[in-house]
Amino acid sequence: MLQRCAAVLAAAIMTVACAQTDAGITTNVKTKLAADDTVKAYQVDVDTRNGVVTLSGDVETTAAKEQAIQIARGTDGVRDVIDQIRVGEAAATAGTYRDNDVDVDVDIDDDLENKAREGAAEVKEEGREAAAKAGEVAGRAGAAVTDAAITSAVKAKFLADTTVQGLKIDVDTSGGMVTLNGTVSSRAEADRAMMLARNTDGVKGVHSNLKVGG
């Protein structure tokens, strides 16, 4: 009986240890960021070394930055958080110029109003060129789904699904096309992963390199 209890305890310790590896911590933080309404996960890069999480990237508001830091600090296994997030020039009180399908937030200054309008026009033109090259048009302003956002969303679905071992599947997105790599326990799990990826917003198609094994 004593040996059995010891074995169960050892298995539990190993499970916790695996969940708190640097890779596991990074995945958990990214998943929490993707599920948060304040933080745009695709704007924040997460890197973990020895339990210390480094957050970097550009966000639109100070609130988004503070929320990302709070989420990281509240994640199991995180010993410390290094903040390298930059807040963009567009502030919460910025005015909005709407031109066709593009909204551009500009921090209004009486002396720079003309330059702000010119900048809005330039951003609009650059957005049109990017959309034409990618073959994608956002359904609404600011709703364009980036490859990084698609990857985060697919990973979050895997981790939330009880039939898919999300930590064993690598997700890569290029031009809206998702590629799945890794080893799964059954064909049913592979099919489930494919279905979850296909049903993610912004995904154009899914290519599976998943292998069924132990």
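We did not get these values from a lab; they are worked out from the coordinates using the rules stated. Everything numeric here is computed off the predicted structure, so don't read it as measured data. Ideal geometry is used to build each Cβ from the backbone, glycine not excepted, and the neighbour counts take in all protein chains shown.
Is there any pair linking a residue in the stretch 158-171 that is touching a residue at least 40 places away in the same chain (Cβ under 8 Å) to one that is in a strand (DSSP E or B), with Cβ under 8 Å and at least six apart or on different chains, and which?
Note: pairs meeting the criteria are 169/180; 169/181; 169/182; 169/184; 169/210.
Would you list the strands (runs of 3 or more DSSP E) that sit entirely within the stretch 152-214 and hold 3 or more residues that are within 17 Å of the chain's Cα centre (by Cα)? Talk me through it step by step, then tell me what you get.
Values: elements: 169-174, 177-184, 205-212.
By residue number, 169-174, 177-184.
What pairs come up if the first residue lies in the stretch 172-198 and is among the β-branched types (Val, Ile, Thr), the second is buried (at least 17 other Cβ atoms within 10 Å of the Cβ) and part of a helix (DSSP H, G or I), and their beta carbons are under 7 Å apart, counting only those six or more places apart or on different chains?
What qualifies is 173/147; 173/150; 173/151; 178/150; 178/154; 178/197; 184/190; 184/193.
When the stretch 32-64 is examined, which residues are found to be of a type in the set (Gly, Ala, Ser), under 13 Å from the mean Cα position of the chain (by Cα) and assigned to a helix (DSSP H, G or I)?
Restricting attention to the stretch 32-64, the residues satisfying the condition of being of a type in the set (Gly, Ala, Ser) are 34-35, 41, 51, 56-57, 63-64.
Next, from what is left, pick out any that are under 13 Å from the mean Cα position of the chain (by Cα): 34-35, 41, 56-57.
Answer for the stretch 32-64, where residues must be of a type in the set (Gly, Ala, Ser), under 13 Å from the mean Cα position of the chain (by Cα) and assigned to a helix (DSSP H, G or I): 34, 35, 41.
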